[in-house]
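Quick notes on the structure that follows.
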Amino acid sequence: MTPSRLPLLLAAASTVLLGACSTMPASTYSQASLPAPVQVPAGYQVAMETVATGELTYECRDKAAMPGTTEWAFVGPKATLADRAGKPAGTYYGPPATWEAKDGSKVSGTQVAVAPSGPGNIPYQLVKANPVMGSGAMQGVSYIQRVALKGGAAPATGCTAETKGQRTVVPYQGDYIFWKAS
């Protein structure tokens with residue numbers, strides 16, 4: 001082989017490899033490692049997987065039914081959603097908790113279950129989707145799971161009678177898996 005043909009051969013081999021990769025089946029999200037309460041019921045398949053990077057806001061408030069005690073209460077999320085390749089896919093905000101795709105379709109939901117996900121992390125979550133607003137990527141979404149969490153838990157200290165009304169923002173990252181009926 002002549003040295004001038006080597007770049008052509010490498011380019012052809014790369015094209016064949018990339019073509020082979022594009023025909024591989026897409027990975028299916030496994031729920032096996034998740035606590036049972038936050039697993040999606042049978043009969044649903046993954047419609048979209050996203051990674052959220054953002055922040056959760058908490059406010060120091062009186063504890064419900066416990067006069068004289070305070071706690072950090074969840075106020076709302078603000079995050080960007082990216083697909084598994086890192087491309088922008090939408091946003092997550094609230095209240096109410098709303099996931100909005102780049103195409104403008106959006107869904108809110110009702111929490112079904114939570115389960116601990118580790119110290120300093122917000123819990124795993126399973127949400128039953130409300131009817132979708134608009135048409136697009138969110139069309140047909142029935143459940144949303146929050147998994148693979150890093151951070152976001154409310155502060156353990158700093159909420160007192162003197163600091164009531166103050167807000168704090170906590171960074172977090174998590175995967176949101178959107179499920180549709182099979």
I need the full set of residues from the stretch 107-119 which are surrounded by fewer than 21 Cβ atoms within 10 Å (Cβ to Cβ) and either in contact with an Asp or Glu (Cβ under 6 Å, 6 or more places away or on another chain) or of a type outside the set (S, T, N, Q) (or both), in order please.
G109, V112, A113, V114, A115, P116, G118, P119
From the list A65, A73, which one is of a type in the set (G, A, S) and within 24 Å of K150 (Cβ to Cβ)?
A73
Across the stretch 1-59, which residue is nearest to the chain's Cα centre (by Cα) among those that are among the hydroxyl-bearing types (S, T, Y) and modelled with pLDDT under 50?
S27
For the stretch 26-35, indicate whether the set of residues that are aliphatic (A, V, I, L, M), in contact (Cβ under 8 Å) with a residue 40 or more places away in the chain and farther than 18 Å from T168 by Cβ is non-empty.
yes
Kindly provide the set of residues from the stretch 41-73 that are of a type in the set (V, I, T) and farther than 27 Å from A154 by Cβ, ordered by number.
V46
Do you know which of the residues in the stretch 87-103 that are touching a residue at least 24 places away in the same chain (Cβ under 8 Å), part of a loop (DSSP other than H, G, I, E, B) and of a type outside the set (K, R) is surrounded by the fewest Cβ atoms within 10 Å (Cβ to Cβ)?
D103
Within the stretch 121-129, is even one residue touching a residue at least 24 places away in the same chain (Cβ under 8 Å), among the aliphatic types (A, V, I, L, M), assigned to a loop (DSSP other than H, G, I, E, B) and closer than 16 Å to T57 by Cβ?
yes
Only residues that are surrounded by 14 or more Cβ atoms within 10 Å (Cβ to Cβ) and of a type in the set (A, V, I, L, M, F, W, C): list them for the stretch 28-64, please.
L34, V38, V40, V46, A47, M48, V51, A52, L56, C60
Among the residues of the stretch 151-182, how many are touching a Pro at 6+ places or on another chain (Cβ under 9 Å) and either surrounded by fewer than 19 Cβ atoms within 10 Å (Cβ to Cβ) or free of Cβ contacts under 8 Å to residues at least 60 places away in the same chain (or both)?
4
Checklist (1) in a strand (DSSP E or B); (2) exposed (fewer than 14 other Cβ atoms within 10 Å of the Cβ); (3) not small (G, A, S) applied to P67, failing item
(1)
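The values are calculated or read from the model by the stated rules, or taken from the named source; none is laboratory data. These numbers come from a predicted model, not from an experiment. Ideal geometry is used to build each Cβ from the backbone, glycine not excepted, and the neighbour counts take in all protein chains shown.
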